[in-house]
1. If only one of Glu248, Glu253 is free of Cβ contacts under 8 Å to residues at least 24 places away in the same chain and within 16 Å of the ligand (Cβ to nearest atom), which one is it?
2. Being under 21 Å from Thr110 (Cβ atoms) and not polar (S, T, N, Q) is the filter; apply it to region 231-242 and report the residue that is farthest from the ligand (Cβ to nearest atom).
3. Take Val161 and tell me if it is open to solvent by 30 Å² or more (accessible area, probe 1.4 Å), within 16 Å of the ligand (Cβ to nearest atom) and touching a strand residue (DSSP E or B) at 6+ places or on another chain (Cβ under 6 Å).
4. Going residue by residue through region 24-37, is there one that turns out to be under 14 Å from Ser71 (Cα atoms), open to solvent by less than 50 Å² (accessible area, probe 1.4 Å) and over 18 Å from the mean Cα position of the chain (by Cα)?
5. What residue, among those in region 201-243 that are touching a Ser or Thr at 6+ places or on another chain (Cβ under 7 Å) and more than 16 Å from Tyr262 (Cβ to Cβ), is most open to solvent (accessible area, probe 1.4 Å)?
6. I'd like to check which helices (runs of 4 or more DSSP H) are fully inside region 71-153 and have at least 2 residues that are surrounded by fewer than 17 Cβ atoms within 10 Å (Cβ to Cβ).
7. Could you check Gly130 against (1) at positive phi; (2) small (Gly, Ala, Ser); (3) out of contact with any Lys or Arg (no Cβ under 9 Å at 6 or more places or on another chain) and say which number it fails?
8. Here are Asp168, Asp217, Asp228, Asp261: which of them is farther than 21 Å from Leu113 by Cβ, away from the ligand (no atom under 15 Å from the Cβ) and either in contact with a strand residue (DSSP E or B) (Cβ under 9 Å, 6 or more places away or on another chain) or of a type in the set (S, T, N, Q) (or both)?
Amino acid sequence: MTDTPVAKPARRLDAFFYIETVTWVRHWTESLFSFRTTRSPELRFESGQFVMVGLQLPDGRPLVRAYSIASSTEDKELEFYSIKVPDGPLTSRLQHIKVGDQVLVGKKPTGTLVLTGLRPGKRLYLVGTGTGLAPWLSLVLDPEVYARFEAVVVTHTVREVGDLSYRDFFESELVKDPRVGASAAAKLRYYPSVTREPFEHNGRITDLITSGKLFQDLGAPPLDPKVDRLMLCGSPDFLTDMKAILAERGYEEGAVATAGDYVLEKAFVS
Ligand code: A2P
């Protein structure tokens with residue numbers, strides 16, 4: 001046997017993570033950035049799932065957090081959208097990554113923001129706050145979303161206009177996508193809203209839903225559990241408030257094993 005103590009941690013890491021290389025980094029603001037990595041051809045996931053991502057510490061231990069995959073299942077690379085928490089154990093380090101650096105990507109993507117968690121419906125609302133936009137970036141590139149729904153609405157609520165990362169993707173790039181561009185042009189509406197400075201749509205999405213302003217702006221009827229499906233991703237408080245709003249309207253939460261009228265996932269931060 002040639003086992004040595006130094007080889008052991010590396011072998012254990014291999015059992016759980018792929019070691020991928022950073023191919024692209026974009027800093028949107030002082031507190032938001034995105035990055036892409038190589039993707040092991042063995043890594044399979046469903047649009048909307050998350051995976052553990054992070055760094056190997058100098059002592060060999062992994063430091064990872066859950067990240068929604070923000071790229072299409074067909075893409076050769078993986079994309080992630082992250083907040084930068086100044087004292088966050090992971091993101092205080094991860095925000096400094098550069099092209100060519102190595103990151104750990106978990107071998108087991110999972111999560112509830114998947115199409116199988118939803119009953120059939122007419123309209124799909126993808127409701128995100130902050131980095132809770134990430135899973136929608138994968139879902140809107142999935143042809144199955146447009147096959148299942150007549151209309152798709154992506155809402156993104158942030159504090160300041162500058163935090164509306166990916167606005168250009170939704171407003172001009174997506175319709176040029178060779179696989180889903182035509183479907184997105186016909187069916188998808190992007191609805192950004194800002195809470196702490198003037199913008200074309202102001203206010204928390206919870207308030208825009210309860211006041212009916214969202215539906216007025218979209219020219220759509222108010223939420224109806226018979227036909228309107230939702231996926232939610234954002235802060236715990238946002239999820240609590242949305243659950244109460246949906247429960248009042250007779251909505252039932254779904255899970256991967258039992259489809260419902262809506263599914264949710266916390267946007268992970270630290
Ligand atoms: P607000 O500015 O009123 O707090 P954060 O940057 O803290 O993650 O927040 C992202 C967005 O989510 C902000 O626009 C914030 O609005 C909004 N938000 C925070 N809490 C809730 C909530 N409980 N319900 C709906 N939106 C919320």
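The values are calculated or read from the model by the stated rules, or taken from the named source; none is laboratory data. This is a predicted model, so every value here is computed, not measured. So basically every Cβ, Gly included, is an ideal-geometry build from the backbone, and we count neighbours across all protein chains shown. Each accessible area value is taken on the protein alone, full model and side chains, heavy atoms only, with ligands, DNA and RNA left out. Shrake-Rupley method; radii C 1.70, N 1.55, O 1.52, S 1.80 Å.
1. From the options Glu248, Glu253, the qualifying one is Glu248.
2. Looking at the filtered set, the residue picked out is Met231.
3. For Val161, the condition - open to solvent by 30 Å² or more (accessible area, probe 1.4 Å), within 16 Å of the ligand (Cβ to nearest atom) and touching a strand residue (DSSP E or B) at 6+ places or on another chain (Cβ under 6 Å) - is met.
4. No.
5. Arg204
6. The helices (runs of 4 or more DSSP H) meeting that bar are 91-94, 143-148.
7. Unmet for Gly130, out of (1) at positive phi; (2) small (Gly, Ala, Ser); (3) out of contact with any Lys or Arg (no Cβ under 9 Å at 6 or more places or on another chain): (3).
8. Checking each option against the conditions leaves just Asp217.
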